[in-house]
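Colleague: Mind having a look at this structure? Questions to follow.
The values are calculated or read from the model by the stated rules, or taken from the named source; none is laboratory data. This one's a predicted model, so the numbers in the text were calculated from it and none came from an experiment. So basically every Cβ, Gly included, is an ideal-geometry build from the backbone, and we count neighbours across all protein chains shown.
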Amino acid sequence: MTLMAAERITRRFGAVAALEDVSLAIARREIVAIVGESGSGKSTLLNVMSGRLAPDSGSVSYDSGAGLAPIGAGGEAALLDLQRRRWGFVAQEPRLALRMNVSAGGNIGERLMVAGARNYGAIRAAASRWLETVEIDPARIDELPRGFSGGMLQRLQIAATLVTEPELVFMDEPTGGLDVSVQARILDLVRGLVRRLGVAVLIVTHDIGVARLLADRIVVMRRGRIVETGLADQVLDDPQHEYTQLLVASVLPA
Amino acid sequence: MIALEASGIAKSFVLHLQRGVRLGVLRDAALTLRAGECVALTGPSGAGKSTLLRALYGNYRTDAGSIRVRHRGAMVELAGAPAAHVIEIRRETIGHVSQFLRAMPRVPARDIVAAPLLERGMDEAAARARAEAMLDALGIPPALHNLPPVTFSGGEQQRVNLARGFAGDWPILLLDEPTASLDAANRDRVIALMRAARSRGAALLGIFHDKLVRDAIADAELRLEPLKEQA
């Protein structure tokens, strides 16, 4: 059952076509990874599908329960409502996504309040529970995130994103700037949480190991186009397109 | 009762990085697998045994042919099926034991074995109990259950892999050299698990290089030969 569908998306930046005639559908609870090198258009696609960037042509539709409808159809307010209540966004750089002068608990609680929660005790209890879920000591609930490591900040961002139990989470290189050991911990956490909550995920990564670990399906992009798509293990173990073969062959064996 | 029926399977690999050379591996491969039966894939190295197993699991895409499996009581087509459908068939109907465990960082052996059970909706406590029992049955000591298998020996990793493969009671089991890196005692444990799977009605298709294992478990052989050079 399709949760979101992008159809024939084209987006140019000046003379550069970042996306050319791209279509992609995501099913409820499905985890889809977009892989490709820098400049392949994968982040642009993520930004268009999450309503952060308007396409030049094409449409993005979402099913809020009454069938697929274009995400911009209800105007700015309706799009904002989708982004706040039904979607989440995990950015590569948590320092830009979190509020660094607001406590760890506040960062989580704020998302709940934006989504309509008002009871202070319940919000604080949820924040504490979520800190624990992402393996941050709940005793640090009142600390400012300044003193947190990169991995902790990323886990805090994940908690602040998942606390509202969104239906769909967009992730842009969520382990991009982290040490390998920290990456594994976050990936394992994300994998467990999204399965447990049943959220759909659209994740952009250049790391095909991340894609294999998390995704049901992989979409390979190159020069603004989707060159191959399929079941994650199919695409990685039996790559068809020349570029996918190059991508898979370029990985150092562990 | 037919559990899996494949016909006309063709598979070649086009190696774009080697000037687009095309390697033909399977042509017109066919087999029928019934519930409670065990078929051994035989043939020389390079005949396409692993390729056929992977194609039947939907891991390799086929160029031609049909792969029909009994899923939720009806025969359904696996070749070319949409990703979500393949995932569902793998979750409920077809299990695959590869030659090597793909160990995930930080994930303990017990959770690796329990994962397919959880995905099927089994509750956490029951899935963990089942996983522990399978690890016990394969001689993995309890002290290791809670450790990630990344540091285990090859034989231990393979037994974790087997525990995962047998935990789910899949109606169809595809086994790629399940006893390859095991000693005699563990080989016998695996033979016992395969027999138990058959007697509950599972259909097994496997590659068993060890003749002793083949004789102990398989009641039919399907021999593959390497394809002649193609144009």
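Colleague: Here is a list: B:Leu26, B:Leu31. Which entry is of a type outside the set (Phe, Trp, Tyr), touching an Asp or Glu at 6+ places or on another chain (Cβ under 8 Å) and surrounded by 15 or more Cβ atoms within 10 Å (Cβ to Cβ)?
Modeller: Going through B:Leu26, B:Leu31 in turn, the sole match is B:Leu31.
Colleague: Against the condition buried (at least 18 other Cβ atoms within 10 Å of the Cβ) and aliphatic (A, V, I, L, M), how does A:Leu213 come out, does it pass?
Modeller: yes
Colleague: Pairs under 6 Å by beta carbon, first residue over 14 Å from A:Met221 (Cα atoms) in the range A:7-30, partner assigned to a loop (DSSP other than H, G, I, E, B) and among the small types (Gly, Ala, Ser), six or more apart or different chains?
Modeller: Qualifying pairs under 6 Å: A:Arg29/A:Gly198.
Colleague: With (1) modelled with pLDDT of 95 or more; (2) over 21 Å from A:Asp137 (Cβ atoms); (3) exposed (fewer than 15 other Cβ atoms within 10 Å of the Cβ) as the list, and A:Leu96 as the residue in question, which single condition is left unmet?
Modeller: (1)
Colleague: For the structure I just gave you, tell me whether B:Leu174 is at pLDDT 95 or above and either surrounded by 14 or more Cβ atoms within 10 Å (Cβ to Cβ) or touching a His at 6+ places or on another chain (Cβ under 8 Å) (or both).
Modeller: Here the answer is yes, as B:Leu174 does meet what is asked.
Colleague: Out of the range B:64-95, which residues are away from every other protein chain (no Cβ under 14 Å) and more than 19 Å from B:Leu31 (Cα to Cα)?
Modeller: Of everything in the range B:64-95, those that are away from every other protein chain (no Cβ under 14 Å) and more than 19 Å from B:Leu31 (Cα to Cα) turn out to be B:Arg72, B:Gly73, B:Glu92.
Colleague: Could I ask something else about it? Applying the selection to the range B:181-231, what residues are part of a helix (DSSP H, G or I), touching a strand residue (DSSP E or B) at 6+ places or on another chain (Cβ under 6 Å) and among the polar types (S, T, N, Q)?
Modeller: Of everything in the range B:181-231, nothing turns out to be part of a helix (DSSP H, G or I), touching a strand residue (DSSP E or B) at 6+ places or on another chain (Cβ under 6 Å) and among the polar types (S, T, N, Q).
Colleague: Among A:Ser149, A:Ser250, A:Ser181, which is the only one that is without any contact (Cβ under 8 Å) to a residue 40 or more places away in the chain and either among the aromatic types (Phe, Trp, Tyr) or more than 14 Å from chain B (Cβ to nearest Cβ) (or both)?
Modeller: Result: A:Ser149 is the single residue among A:Ser149, A:Ser250, A:Ser181 that is without any contact (Cβ under 8 Å) to a residue 40 or more places away in the chain and either among the aromatic types (Phe, Trp, Tyr) or more than 14 Å from chain B (Cβ to nearest Cβ) (or both).
Colleague: Select from the range A:105-157 the residues that are polar (S, T, N, Q) and closer than 19 Å to A:Gly88 by Cβ and write down the one among them that is surrounded by the fewest Cβ atoms within 10 Å (Cβ to Cβ).
Modeller: Filtering the range A:105-157 for residues that are polar (S, T, N, Q) and closer than 19 Å to A:Gly88 by Cβ, the one surrounded by the fewest Cβ atoms within 10 Å (Cβ to Cβ) comes out as A:Thr133.
Colleague: Within the range B:132-180, can you find the residues that are in contact with a Leu (Cβ under 8 Å, 6 or more places away or on another chain) and part of a loop (DSSP other than H, G, I, E, B)?
Modeller: Hits for the range B:132-180 are B:Leu138, B:Phe152, B:Gly168, B:Pro178.
Colleague: Search the range A:133-174 for residues being in a helix (DSSP H, G or I) and touching a Gly at 6+ places or on another chain (Cβ under 7 Å), and hand back the single one that is farthest from A:Leu46 (Cα to Cα).
Modeller: Out of the qualifying residues, it is A:Gly150.
Colleague: Can you tell me which of B:Thr51, B:Thr42 is among the polar types (S, T, N, Q), over 17 Å from A:Pro239 (Cα atoms), under 16 Å from the mean Cα position of the chain (by Cα) and crowded, with 16+ Cβ neighbours inside 10 Å?
Modeller: Answer to the check: B:Thr42.
Colleague: I'd like to know if the range A:234-246 contains one or more residues that are more than 13 Å from chain B (Cβ to nearest Cβ) and not in a helix (DSSP H, G or I).
Modeller: No, that holds for no residue.
Colleague: While we're on this one: So, in the range A:195-229, of the ones that are facing chain B (nearest Cβ under 9 Å) and part of a strand (DSSP E or B), which residue ends up farthest from A:Thr10 (Cα to Cα)?
Modeller: Of everything passing the filter in the range A:195-229, A:Arg217 is farthest from A:Thr10 (Cα to Cα).
Colleague: Looking at (1) buried (at least 19 other Cβ atoms within 10 Å of the Cβ); (2) assigned to a helix (DSSP H, G or I); (3) over 16 Å from the mean Cα position of the chain (by Cα), which is the one condition that is false for B:Ala129?
Modeller: Of the numbered conditions (1) buried (at least 19 other Cβ atoms within 10 Å of the Cβ); (2) assigned to a helix (DSSP H, G or I); (3) over 16 Å from the mean Cα position of the chain (by Cα), the odd one out for B:Ala129 is (1).
Colleague: A further question on this structure: Kindly indicate the residue of the range A:165-178 that is touching a Leu at 6+ places or on another chain (Cβ under 8 Å) and buried (at least 21 other Cβ atoms within 10 Å of the Cβ) and also nearest to the other protein chains (Cβ to nearest Cβ) among those meeting that condition.
Modeller: Here the answer is A:Thr175.
Colleague: Here's a follow-up. Can you name the number of the only condition in (1) within 25 Å of A:Arg212 (Cβ to Cβ); (2) assigned to a strand (DSSP E or B) that B:Val39 fails?
Modeller: B:Val39 satisfies all of (1) within 25 Å of A:Arg212 (Cβ to Cβ); (2) assigned to a strand (DSSP E or B) except (1).
Colleague: Another question about this same structure. Is it the case, given these coordinates, that A:Gly224 is on the phi > 0 side of the Ramachandran plot and buried (at least 19 other Cβ atoms within 10 Å of the Cβ)?
Modeller: Yes: the conditions hold for A:Gly224.
Colleague: Would you point out the residue of the range B:96-126, among those that are away from every other protein chain (no Cβ under 13 Å), crowded, with 20+ Cβ neighbours inside 10 Å and without any contact (Cβ under 8 Å) to a residue 60 or more places away in the chain, that is nearest to the chain's Cα centre (by Cα)?
Modeller: Here the residue is B:Val113.
Colleague: Right, next: I'd like the full set of residues that are at pLDDT below 95 and crowded, with 18+ Cβ neighbours inside 10 Å, limited to the range B:139-158.
Modeller: The answer is B:Pro148, B:Pro149, B:Phe152, B:Glu156, B:Gln157, B:Gln158.
Colleague: In the set A:Arg124, A:Arg129, A:Arg99, A:Arg111, which member is more than 14 Å from chain B (Cβ to nearest Cβ) and touching a Ser or Thr at 6+ places or on another chain (Cβ under 8 Å)?
Modeller: Exactly one of A:Arg124, A:Arg129, A:Arg99, A:Arg111 is more than 14 Å from chain B (Cβ to nearest Cβ) and touching a Ser or Thr at 6+ places or on another chain (Cβ under 8 Å), namely A:Arg111.
Colleague: Which one is surrounded by the most Cβ atoms within 10 Å (Cβ to Cβ), of the residues in the range B:196-217 that are of a type in the set (A, V, I, L, M) and either at pLDDT below 95 or under 16 Å from B:Ala180 (Cα atoms) (or both)?
Modeller: Per the criteria, the residue is B:Leu205.
Colleague: Hey, which of the strands (runs of 3 or more DSSP E) in the range A:42-107, taking only ones fully inside, have at least 1 residues that are free of Cβ contacts under 8 Å to residues at least 60 places away in the same chain and in contact with a strand residue (DSSP E or B) (Cβ under 9 Å, 6 or more places away or on another chain)?
Modeller: Once the strands (runs of 3 or more DSSP E) in the range A:42-107 are filtered for at least 1 residues that are free of Cβ contacts under 8 Å to residues at least 60 places away in the same chain and in contact with a strand residue (DSSP E or B) (Cβ under 9 Å, 6 or more places away or on another chain), what remains is A:57-63, A:68-70.
Colleague: Considering only the range A:230-242, state which residues are within 24 Å of A:Ile9 (Cα to Cα) and without any contact (Cβ under 8 Å) to a residue 60 or more places away in the chain.
Modeller: A:Gly230, A:Leu231, A:Val235, A:Gln240, A:His241, A:Glu242, listed by residue number.
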